[in-house]
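The values are calculated or read from the model by the stated rules, or taken from the named source; none is laboratory data. Source: prediction; values computed, not measured. Here the Cβ is made from the backbone with ideal geometry for all residues, glycine too, and neighbour counts use every protein chain on show. SASA here: full protein model, heavy atoms, side chains in, ligands and nucleic acids out. Shrake-Rupley method; radii C 1.70, N 1.55, O 1.52, S 1.80 Å.
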Amino acid sequence: MAESLYIASLEPNSGKLVITLGLMEMLSRRVDHLGFFRAISSVPPDEDTHIQLISSRFNIALQAEQMVGVTYNQARAWIAAGAENRLFREIISKFKQAEEQCDFLLCEGPDISRLSDIFDYDISIRIARELGSPALYVSSGYGLTVPELLENVRVARESFRQLRCPLLAVMVNRVNETILPQAKDELRQQCEADIVIDLLPEVKNLGNPTMEEIVEALGAEWFSGPRTGLQRDVRDLKVAAMGPANFLNFIRKDDLIITPGDRSDIIFTTLGAIASRNYPSPVGLLLSGDLTPAPSVMRLLEGLDDLDMPIYRVPTDTYRTAIHAAAVRGRLRPNYERKIALALGMFEANADIQALEEKIRVPASPTMSPLMFEYTLFQRARENRKHIVLPEGEDDRILQAAEILRLRDVVNLTILGDEKKLRSRAATLGLKLAGVTVLNPRKCGFYEEFVETFYTLRKHKGVTMDMAFDSMSDVNYFGAMMVYKDMVDGMVSGAANTTAHTIRPAFQLIGTPPDVLLVSSVFLMCLETRVLVYGDCAVNPDPNSEQLAEIAISSARTAEIFGIEPLVAMLSYSSGTSGAGTDVDLVRRAVAIARQRRPDLRIDGPMQYDTAIDPAVAGKKMPASAVAGRATVFIFPDLNTGNNTYKAVQRSSGAVAIGPVLQGLKKPVNDLSRGCLVPDIVNTVAITAIQAQVAEKIMPRT
């Protein structure tokens, strides 16, 4: 059973980091202590962008210096001195030290193109052999015909065979999509059956630099506009040397405009293009020649408080500025969530994940980390992709989450709002929102139908037609009606609205199944090694015994949906029979009711939190309990206790709290915290999609 895997490449610009990222994401689902190592790095460890990205995303326990064998300078010096064996010994020593601290270590081989002046072509394979790691070979298919691609793979495979290095898989990256089917067929005929073969298409945007990367590479100085959020991809560079009238004919979306700093006419023309609905929006302006606009222009720019276009200046002339900017390549960085999602989406859509897992043969971890849980959510959501509506389209976090969800191919999405405004804002944020539907409730063709339906459903409650019009103007009511009419499978809201504002429409339009007494909520608490369920922490303030029993049954059902074995602890300030009082008796009655309704459910209480979670305490206070010390579902006696407890655990332990997840509705609607982060939205949407899958099995669409 492999405890490490070596990623080798014998070609320049193979996109190896994309493969590394995809493999780490795949392994993170099954490995508790996952490690990353680079045999040879061109920069000091704390400046290595591969290490920065992998460490930040996967919480690698190793320090940066523990993740590098040697630097390029060290390698060159030893080879020049004829001390190649010393090079191998140093890499092996550092590798083994890192391996001792991990359950699995993914090792990235060196970029051969940078070593070709001193090293043999096969150095990367020889390192893998010395480390004793099976290898995955990454080949570049960029710009190649099928015969050229096949020849590259053939030569590499022969090198692995001659050097007696086991080869588990071959991934050909950056392949032209037009030749993918033919290349895949011919490559599989050429390779042995026991080698996994995957071809991944070229994704142009991954190689495009962002405005931020160009500014950093050129050492540009801020001049005007936003200083942050420069992560929009630069599609092309345009040197503006002609007059404004002709220049406008050449502007394209996502261009970076380069012009001398004294060309006020081009500055105004570019600003006009951004403001105009008739012209595409450039990424920004780069002023060359160490020149600044006239004072009157400076004053005008200073007064544009809402200017969304960044303007920077450089000392070099226009020609050199364009040459330097064109040389900048896009990279994957820890804060580039859109590019990371694009890379992972491409990998997961084209790599045979099951075959790779079988080949690497990593045993499934008995624990569940937050990253493992997130990966599982995405995998399950993709199996039967659902359609989710996000009503709060004017919130930037919603747009950013939507981009990630679509790039990862998790769900289909509809966002409510004015399409022109939302897509313009998305472009400013560097988002594409490709494949995302944007719907304006007041201008869609079924607004009046929704009003009529709402009036019909609620007139017995005193709702008038005017009130129905007002309600359907509310995006949460409109989104809930889309769920009710099966136009979408679920709704997620609450980033900008209160919990009540989110769930009230769901209560009125969607309702509960006949066997559910009330709607409640849980938080999925992702701790370092497991996921727990806390309920109810958001909806019911002071439940009685019947309601507590219902919350427990619903929470157990939610736990099962997400692969958590339900062991339900009904919490109180007393454990077992040791205490008495109104509050304890209420919980005791709830346990009895739940057991009567669900005899198969393992549920116990009342018990204190430490009794529920700590086996040692449980052994003293409730030794006969099948739940105490092993609980996975924690039911709090009231909202005050539950809400404070989940926040205390979240803040003090670093747990990831996903929720509140609403339970008990016929179709899923979930609430967000107004302080939610983009990953919170992404996870909640994935959870909603999985709930929709389950709801469809229970109540199939007619």
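If only one of Val239, Val234 is at negative phi and open to solvent by less than 10 Å² (accessible area, probe 1.4 Å), which one is it?
Working: Val239 fails: open to solvent by less than 10 Å² (accessible area, probe 1.4 Å).
Residue meeting the stated conditions: Val234.
Of all residues in region 9-61, how many are of a type in the set (S, T, N, Q), farther than 27 Å from Phe373 by Cβ, open to solvent by less than 30 Å² (accessible area, probe 1.4 Å) and in contact with an Asp or Glu (Cβ under 8 Å, 6 or more places away or on another chain)?
2
Report those strands (runs of 3 or more DSSP E) wholly inside region 1-111 carrying at least 1 residues which are basic (Lys, Arg).
Filter on region 1-111 gives 34-41.
Please work out if Leu199 is open to solvent by less than 30 Å² (accessible area, probe 1.4 Å), of a type in the set (A, V, I, L, M) and under 24 Å from Gln354 (Cβ atoms). Before the answer, list the steps.
Values: open to solvent by less than 30 Å² (accessible area, probe 1.4 Å): yes; of a type in the set (A, V, I, L, M): yes; under 24 Å from Gln354 (Cβ atoms): yes.
So Leu199 fits the description; yes.
In region 262-309, what residues are open to solvent by less than 10 Å² (accessible area, probe 1.4 Å) and of a type in the set (Ser, Thr, Tyr)?
Residues satisfying the conditions are Thr270, Ser288.
In region 519-561, which residue that is assigned to a loop (DSSP other than H, G, I, E, B) and of a type in the set (A, V, I, L, M, F, W, C) is surrounded by the fewest Cβ atoms within 10 Å (Cβ to Cβ)? Can you show your working first?
At the first step, the residues of region 519-561 found to be assigned to a loop (DSSP other than H, G, I, E, B) are 519, 527-530, 536-544.
So of that shortlist, the ones also of a type in the set (A, V, I, L, M, F, W, C) come out as 519, 527, 537-539.
Values: Val519: 22, Leu527: 17, Cys537: 25, Ala538: 23, Val539: 23.
The selected residue is Leu527.
Give me a count of the residues in region 456-478 that are buried (at least 16 other Cβ atoms within 10 Å of the Cβ) and β-branched (Val, Ile, Thr).
2
Whether any residue in region 229-240 is more than 22 Å from Leu218 (Cβ to Cβ) and either touching a Lys or Arg at 6+ places or on another chain (Cβ under 8 Å) or not polar (S, T, N, Q) (or both) is what I want to check.
No.
Could you grab me the full set of residues in region 310-338 that are aromatic (Phe, Trp, Tyr) and open to solvent by 70 Å² or more (accessible area, probe 1.4 Å)? I'd like the intermediate steps shown before the answer.
Restricting attention to region 310-338, the residues satisfying the condition of being aromatic (Phe, Trp, Tyr) are 312, 319, 336.
Listed by number, the list holds a single entry, Tyr319.
So which pairs qualify, if the first residue must be in region 83-99 and within 13 Å of Glu65 (Cα to Cα), the second must be among the aliphatic types (A, V, I, L, M) and in a helix (DSSP H, G or I), the Cβ gap must be under 7 Å, and the two must be at least 6 apart or on different chains?
As it stands, the answer is Ile91/Ile127; Phe95/Leu131; Ala98/Met67, since those pairs meet every condition given.
With respect to Thr529, is the statement that it is closer than 25 Å to Leu413 by Cα, touching a residue at least 24 places away in the same chain (Cβ under 8 Å) and of a type outside the set (Gly, Ala, Ser) true?
Working: closer than 25 Å to Leu413 by Cα: no; touching a residue at least 24 places away in the same chain (Cβ under 8 Å): yes; of a type outside the set (Gly, Ala, Ser): yes.
No: the conditions fail for Thr529.
Do the conditions hold for Pro166, that is, is it more than 30 Å from Val283 (Cα to Cα) and modelled with pLDDT under 90?
Details: more than 30 Å from Val283 (Cα to Cα): yes; modelled with pLDDT under 90: yes.
In short, yes.
Considering only region 592-607, I want to know if a residue exists there that is within 21 Å of Ser653 (Cβ to Cβ) and open to solvent by less than 50 Å² (accessible area, probe 1.4 Å).
As a first pass, look at region 592-607 and keep what is within 21 Å of Ser653 (Cβ to Cβ): 607.
Those left that are additionally open to solvent by less than 50 Å² (accessible area, probe 1.4 Å): 607.
Checked region 592-607: at least one residue is within 21 Å of Ser653 (Cβ to Cβ) and open to solvent by less than 50 Å² (accessible area, probe 1.4 Å).
Limited to region 533-572, what total is found for residues that are within 27 Å of the chain's Cα centre (by Cα) and of a type in the set (S, T, N, Q)?
Qualifying residue count for the region: 2.
Filter region 587-610 down to the residues that are in contact with a Gly (Cβ under 8 Å, 6 or more places away or on another chain) and in contact (Cβ under 8 Å) with a residue 40 or more places away in the chain, then identify the one that is nearest to Arg630 (Cα to Cα). Step through it out loud before you land on a result.
Initially, region 587-610 is screened for residues in contact with a Gly (Cβ under 8 Å, 6 or more places away or on another chain), giving 587-588, 590-591, 606-607.
With in contact (Cβ under 8 Å) with a residue 40 or more places away in the chain added as a condition, the list becomes 587, 590-591.
Details: Val587: 19, Ala590: 20, Val591: 17 Å.
The residue in question is Val591.
Give me the residue from region 562-584 that is assigned to a loop (DSSP other than H, G, I, E, B) and touching a residue at least 60 places away in the same chain (Cβ under 8 Å) and, out of that set, surrounded by the fewest Cβ atoms within 10 Å (Cβ to Cβ). Quick ask: steps written out before the conclusion?
Here is the first cut: in region 562-584, the residues assigned to a loop (DSSP other than H, G, I, E, B) are 562-566, 572-581.
Retained after the next criterion (residues that are touching a residue at least 60 places away in the same chain (Cβ under 8 Å)): 562-566, 572.
Details: Phe562: 21, Gly563: 13, Ile564: 19, Glu565: 11, Pro566: 21, Ser572: 26.
Filtering first and then ranking leaves Glu565.
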